[in-house]
Every structure is written in structure tokens, then in C-alpha cells.
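Just below is one structure, and these are the notes that go with it.
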Amino acid sequence: MKKLLLILMFALLPLSLSAHSALAAGDGPSKDMLKGIITEVNSAERTVLFEKDGTKELVTLALNEKMEPEDIAMNQKVLINLDKHAEAGNVMKDISVMFMDMTASKLIALLVIGAVGGLLSGFIGSGGAFVMTPAMMSLGVPGAVAVASNMCHKFPKAMVGAYKRWKYGQADIKLGLVMAVTAVIGVQIGIKIQKYILNQFGGAGSNLYISAVFMVVLVFVGGYVFFDAWKLASGGGKETVSKLALRMQKIQLAPMMHFKTAKVTISAWITIPVGLLTGMLAATIAVGGFVGVPGMIYVIGASAVVASATELIIAFVMGAWGSVQWGLSGLIDIRLALLLLATSLIGVQLGALGTTYVKDYIIKVVMATTMLIVAVSRGVKIPGYLIDLELMRPIQENTLALLEGISFWSLVAALGSAALIIIVAMIKGMTADSRSKKAVLGVSNG
Amino acid sequence: MTITTFDKNMSAVAFAEAGEHDTARRILGEKATRRHGKSPAPAAKSKPHLKTVIFGTMSLSAYYLLFTNEKLVTEIFTMGGWRWMYPVGAAFFFSFIHGAFASNLLGALGIEAKK
């Protein structure tokens, strides 16, 4: 089974290179995106005068056939995507207002998402990104700004979480840094080849493909983690190092690396591919941790507690690097990042201290549950993409709407159930702990 | 070289025998006060209410300042180029003060990691 997992991870290496835009990875926006202000609208000619941000250069852009001149927002910072395939140059593909108006309900939504995402992140090392970006987009934030702002909230959150878990003696800084550096390289390689494939085959099938990769990784890895957690739970919860990891640790190929907290000595040639793959998957599905944490557990041989803590270091390095990239393009809406941080910094610390009360396999249970439910959310989107590609006969509008609804609510369910498991396990752990302390006091006093 | 309790006791005895009672007492007393300093663990464990309030006020004022000037802030922070330092710096700044508030808040609520 573990062999299969390894084969799958390596098979995904080339697979994950294709599809999807570079947006998920933090490499900055595409070159066809313009940022600035529309100063004039010419209704008769269906053109606008656009002032580019920073350079103040003025360009004339044409509206596409679906756009109406009266819908164009003037004197507000906007993001414009140019139509690459238009015969005449400078035709707008879409336009979106960069900064949404903050209303009370949006504010509360951001705070709630932040809290649950933080809790999950502190507990399993990753989580939140797969729901935060789509959630922000559904609040009316342009895609690129949502990705940028999520990235900017992710690295301080990961930093605080990593610091806490390092204090609890769970995070392996050396392993984290080695993984992070290789993951950053992995992201670069991933994006380079993605761009090549996108140019060769176009973007039509990319959504379908990304969902398929997402599904395969989540169902397979998530399923395996779940199976392992179930085995541990029924066997008393004592975690052992996987046979695959033991075999990997026997490979004496220089340079050998020793990771003190993880209590592992392993060849760099084993850690590098795991890191690269984490980065490549991050470039493809935006959640590298879904392969990074299982990779550290089953291939390198760290415990679930150490692996999930170490993932936070990787998330910090990758998030900081990504934030600089997005900051250079000036796409971070700091309001969104800071509102998410307002509650996620509490959540992440609560999640981190929660790990000190629970048995190791609970981390695996939470991780697997999240992965499997998120897989459903992605899976139900596949028919829609198939129809777009004309590979499937169109289905009724309301069926599609139902599938969209299932997709959204399964994400909510994934977060909700993970938060519930964490909180219940934590309360149980805390009660048991205080009971045993009282018992000890009773013995020593009596 | 570490001084064990035995060493301390012996030196106190030596001083006491030489008539230096005060020194002897100080040697033993020091140990006693040190133990005394350690024993009120509940005092050290006292909940960080003040810190929570201080960091909370700092964090809240920073949020207030930012959101009352949101137009200016979003404008400057999204100019691109070297100004990446603004959003990234702000995220660091908030993570320190708000992170410290969150940490103290959990402490004040009595939620602590298992020892």
C-alpha cells in the first residue's frame, strides 16, 4: 500500500505540472492583467481610456461584445484581463473592481472563515487556503486579489503557529527549512512547465484536469491517512514508523541528514523529492500540505505531530515568498489579510495547543476527513467542466446549480467537521488531564 | 561546577562552627528563599490579564487606524514594486501585536498547553 502511495506521488510529479494557472502558486499575476483606473468611457466607439497604475501610462482599451459601457466603473482601481485571443489588440476580457466595499456581513464572514481556518492550520499544519480563496471570491473579490490576500494572511499565521509548536517541542526547523527550499523550487518548476503546457494545449481542459488531480490526490492520500488513523485508533493509538519510511531511512546515500526533533536520519535524496512534490502540488492545487504532511509521515518517517508542526514552517517560508511576489504586483488587499488574521491568529494558537492534548492519530483523522470531504467538493464540479468542454451532454440548469451548492456546502462541512473533531478531542484531552492532575494531588496530599 | 545541596549545607555548617552564624543562615536562607521564590507557582501562573488588555488595546487601535484610513492604505499598499514591503511589513507587525494579544487572551481564559 505504501509502495503504491510512493508510486502515485511520483506519478503525479509530471501530472501536476500541467493545468491550472500560475495564480494558485504565488508566482504573481499573468502578464495579461492590467491594474489601474478608467478615466474616460467612449460609448460610441465602445472604448475606454485606462491609466496604468504606477507608470500613469494611458492606453485605449476596447470593450468586448458582452460588456456594456454603462457598467464600467470609473475612477476606482480596477483589474482588467486582456483577451489574448482577440484579433485586434487591447480588447478587455473582463473587468473587476479591485477593492470590494466592506459590509458588516462580509466582515463577519471573513472573521469566521479566519477562525476556523486558523484552528485547522494550527492543528494539521495546513488548511484554509482551499476554502479562503473561493470564499473571498464569492464575496466579490477578484481572483488574483483573493489569492494574494490569502497568501499575505497565511505566512504570519503559519509563523505564529510554527513558533507555538516549536515551543511545544514539535516543529523540526531543519526539516522544515529543507522542505521549504525544495518546495519553493518545486513551485518554480511546476509553474514553468504549466505555462508551457498551457501554451501548447490551451486552458480549456485545465479546470477539468485540476479537479481530476485534486480528486485523485485527495481520495487516495486522504483515504490512506484515514485507513492508517482507523488502524491506529483500533490498535490503541500507538503510532509506529511506516515500513516504507524505515526502508527509506536505510538508504545510505550521501549527503545524509539528521533531523533532531523528527528523530530521523535520512538521505537528502529522499527529502528533496518530497519537498519538490509539495511545491509542485502547491502550484497545482494550492494546498501543498495535503501531500507534504503525509510525505513527511509515511516517506520520511516523522510522527504526525512533528509532520504537521513542520508543515507550518514550510507554509511560512512559501507564504512569505509568495506574498513578496504578489506585493511586487501590488495586488494584496491588506484589509482582507488583516481581517482573516484577526481571528486566525487566535485559532492557530488554539489549534497548536490542542495538539498537546490529543493522541497522534486524531491529527490524521482530522486531516483525512478534511481531504475526503474537499474531494467531494471538487468532484461534483467535474460534470460542469465536462459540459464546457463539450465532452458531456448539457444537463439541466437546476442540476448544475444543485452541484454548485453541494460543492460549496461540502467545503463548509469539511471545515465544520474538522473544527468539531478538534474541539471535542481537545476538551476531552483537557478534562482527562485536569482529572489526572487532581488525582495526583489527591494522592500526594492524602 | 554545580553546587549541590549537600555542598551548601556543609559550607553553612563550616561557617556556623566558625561562629559566623549570619553567613551560615544566609547560605541556607538563600536556598530557602529561592525555593520560596519558586514555590508560589500560582503567582507565576497568574493569568496575564494586564498583558491581554495592553496588547488588545494596541491591536485594536492599529486596526482602527487602518480601517479609518482604508482608502489611503489600500491605495499606497497596492502600488507594487518596492512597496511590497508595506503589506508584508504590516502583516508582520499585526502578527506580533495581535499574536501576542491572542496568546495572552488564551492564557487569561485559562487555556494552556499540556505540560
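The values are calculated or read from the model by the stated rules, or taken from the named source; none is laboratory data. The structure presented is a predicted model; accordingly, all values stated were derived computationally and were not measured. Backbone-built Cβ (ideal geometry, glycine too); neighbour counts: all protein chains shown.
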Among residues of region B:72-112, those that are β-branched (Val, Ile, Thr) and modelled with pLDDT of 90 or more, counted: 2
Verdict on A:SER149 being of a type in the set (Ser, Thr, Tyr), in a helix (DSSP H, G or I) and touching a residue at least 12 places away in the same chain (Cβ under 8 Å): yes
Residue in region B:79-97 that is among the hydrophobic types (A, V, I, L, M, F, W, C) and away from every other protein chain (no Cβ under 11 Å) present: no
Check on A:GLY140, assigned to a loop (DSSP other than H, G, I, E, B), in the same structural domain as A:GLY354 (by TED's automatic domain parsing) and either surrounded by fewer than 17 Cβ atoms within 10 Å (Cβ to Cβ) or at pLDDT below 85 (or both): yes
Residue within region A:186-193 that is in contact with a Leu (Cβ under 8 Å, 6 or more places away or on another chain), part of a helix (DSSP H, G or I), surrounded by fewer than 23 Cβ atoms within 10 Å (Cβ to Cβ) and assigned by TED's automatic domain parsing to the domain that holds A:ILE272 present: yes
Residue check for A:GLN170: in the same structural domain as A:ALA352 (by TED's automatic domain parsing), in a loop (DSSP other than H, G, I, E, B) and modelled with pLDDT of 85 or more: yes
Answer from A:LEU372, A:LEU338 - the residue that is touching a residue at least 24 places away in the same chain (Cβ under 8 Å), over 25 Å from B:PHE101 (Cβ atoms) and part of a helix (DSSP H, G or I): A:LEU372
Verdict on A:LEU415 being surrounded by 11 or more Cβ atoms within 10 Å (Cβ to Cβ) and more than 30 Å from A:GLN349 (Cα to Cα): no
Given (1) within 27 Å of the chain's Cα centre (by Cα); (2) more than 27 Å from A:ASN150 (Cα to Cα); (3) not hydrophobic (A, V, I, L, M, F, W, C), number of the condition A:PRO273 does not satisfy: (2)
Only listed residue being of a type in the set (Val, Ile, Thr), outside any helix (DSSP H, G or I) and within 14 Å of another protein chain (Cβ to nearest Cβ), chosen from A:ILE346, A:ILE362, A:ILE332, A:ILE395: A:ILE332
Odd one out for A:GLY122, checked against (1) within 29 Å of A:TYR361 (Cα to Cα); (2) touching a strand residue (DSSP E or B) at 6+ places or on another chain (Cβ under 9 Å): (2)
Condition met for A:LEU441 (within 14 Å of chain B (Cβ to nearest Cβ), more than 26 Å from A:GLY117 (Cα to Cα) and either touching a Leu at 6+ places or on another chain (Cβ under 6 Å) or of a type outside the set (Phe, Trp, Tyr) (or both)): yes
Condition met for B:PHE101 (facing chain A (nearest Cβ under 9 Å), in a helix (DSSP H, G or I) and touching a Ser or Thr at 6+ places or on another chain (Cβ under 9 Å)): yes
Positions within region A:59-82 being more than 13 Å from A:SER43 (Cβ to Cβ), surrounded by 17 or more Cβ atoms within 10 Å (Cβ to Cβ) and under 34 Å from the mean Cα position of the chain (by Cα), in sequence order: A:LYS77, A:VAL78, A:LEU79, A:ILE80, A:ASN81, A:LEU82
In region A:228-243, residue nearest to A:ALA302 (Cα to Cα) [restricted to those that are surrounded by fewer than 18 Cβ atoms within 10 Å (Cβ to Cβ) and not basic (Lys, Arg)]: A:VAL241
From the options A:GLY176, A:GLY118, A:GLY161, residue that is touching a Lys or Arg at 6+ places or on another chain (Cβ under 7 Å) and in a helix (DSSP H, G or I): A:GLY118
